[in-house]
Each structure stands twice: as structure tokens, then as C-alpha cells.
């Protein structure tokens, strides 16, 4: 196992990458994780997301992308609810024109 080539989903690039296993440990959450050396960088990833098969790693990547989209949707919905609760509690901001939201709006960003 150590030194073997492994394929893993890279969330930053949304691509399947490969590297060599240089370590196997158990993280604080109780999952087994590989430390993978990919060129000059090291990646630590749950073993369940890695594979010695490129196609299988592509499947893991697709699952990660879909799961991250669902997580983002849930976070956005929760943040809207939290914002509404805080607005109800504190009322309208007195200096809304000085907020980051106002700056973004002035710059044409969301």
C-alpha cells in the first residue's frame, strides 16, 4: 500500500488527480485517511474517496460535486433564515449604506 499509485478527487480543480500513498492514519473523527504525495504537494483525504482505479475516482468526484452543491443550497437557505431571525431581533440596521452588502451592490456584485 505505501508507495502505491492512487487516484483521488481534487475538489479545488474538480478533476481526478493521482499521487503516491505516503501515509495512512486515523483522523480525529475516526476516519482512515491517506496522505498522498502529488508532485510537490501533499493531500490528506479519506481512504473511502480514493481508488487505485481512475474511473472509480471519477465516480467519487461526481458524488463530491453533487454533495457540495446540496450542502451549499442548505447553507444558503439556513443563512437566509438566520438573517431573517436576526433582523426580527435587532431591526433594520441604522447604517446599512456602510455595510459590505452595500459596497458590493455599488460595485455591481451580489
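When the chain is treated as a GNM with alpha-carbon contacts under 10 Å, the residue of 39, 59, 91 showing the greatest mean-square fluctuation is 91.
Comparing 29, 55, 96 in a Gaussian network model of the chain where C-alpha atoms under 10 Å apart are linked, the largest mean-square fluctuation is found at 96. Each principal axis of segment 5-84 carries a Cα extent, and these read 49, 28, 22 Å when sorted largest first.
What length, rounded to one decimal in nm, is gained on full extension from residue 101 through to residue 75, with 0.36 nm per residue of separation minus their alpha-carbon distance?
Length difference between fully extended and current span is 7.6 nm.
With respect to the chain, whose longest principal axis is taken over its alpha-carbon atoms, helix 54-90 is tilted by about 20°.
GNM remark for the chain: springs join alpha carbons under 10 Å apart, and the peak mean-square fluctuation among 80, 15, 63 falls on 80. The ellipsoid that matches the Cα gyration tensor of segment 53-110 has semi-axes, each √(5λ) in whole angstrom, of 37, 16, 6, with the longest given first.
No value in this document is a laboratory result; all are computed from the given coordinates. Since the structure is predicted, the reported quantities are computational estimates derived from the model, not experimental observations.
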